[in-house]
Amino acid sequence: MRSERKLKLAPWEEVVGEFEKLENDDTLRVHMKCVKLYILEYDKNSDEARALLTKLAGWEGSRVGILRTDILEKPIMVRIVDEEGKKVKLQKKP
């Protein structure tokens, strides 16, 4: 059984790892596999949840970075990264 940990990102804190899945019921949970499995949890009606649902759809299995900001218009930023850690343009998967 692998270790998992719930994580709340502080402003300007980022988690980078393999995006496994989204769970969207009472809360939105983003499963990220790093050294441990981190689960980011947000109220499903929050701005953060809306941003994550939009930007992560279809990227399961990809290496992503999720950054929490203190910018009201952009509370969450998502980037797709390659094996070397370089940013890849965020676009819909075919």
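The values are calculated or read from the model by the stated rules, or taken from the named source; none is laboratory data. Please read all numbers here as calculations on a predicted model, not as lab measurements. All Cβ positions, even for glycine, are placed from backbone atoms using ideal geometry, and neighbour counts span all protein chains on display.
Filtering the range 45-60 to residues that are surrounded by 16 or more Cβ atoms within 10 Å (Cβ to Cβ) and out of contact with any Pro (no Cβ under 7 Å at 6 or more places or on another chain) leaves A49, L52, K55, L56, W59.
Which residues, taken from the range 61-81, are loosely packed, with under 14 Cβ neighbours inside 10 Å and in contact with a Gly (Cβ under 7 Å, 6 or more places away or on another chain)?
Initially, the range 61-81 is screened for residues loosely packed, with under 14 Cβ neighbours inside 10 Å, giving 61, 70-74.
None - no residue of the range 61-81 is loosely packed, with under 14 Cβ neighbours inside 10 Å and in contact with a Gly (Cβ under 7 Å, 6 or more places away or on another chain), so the list stays empty.
Only residues that are exposed (fewer than 15 other Cβ atoms within 10 Å of the Cβ) and not β-branched (V, I, T) were counted in the range 24-40, giving 5. Checking the range 53-64 against the condition returns a match, with at least one residue being within 17 Å of K8 (Cα to Cα) and touching a residue at least 40 places away in the same chain (Cβ under 8 Å). The strands (runs of 3 or more DSSP E) found entirely in the chain that carry 2 or more residues being under 12 Å from the mean Cα position of the chain (by Cα) and at pLDDT 90 or above are 14-24, 27-33, 37-43, 63-71, 74-81.
For the range 57-67, the set of residues classified as more than 11 Å from E18 (Cα to Cα) and out of contact with any strand residue (DSSP E or B) (no Cβ under 6 Å at 6 or more places or on another chain) consists of A57, G58, listed by residue number.
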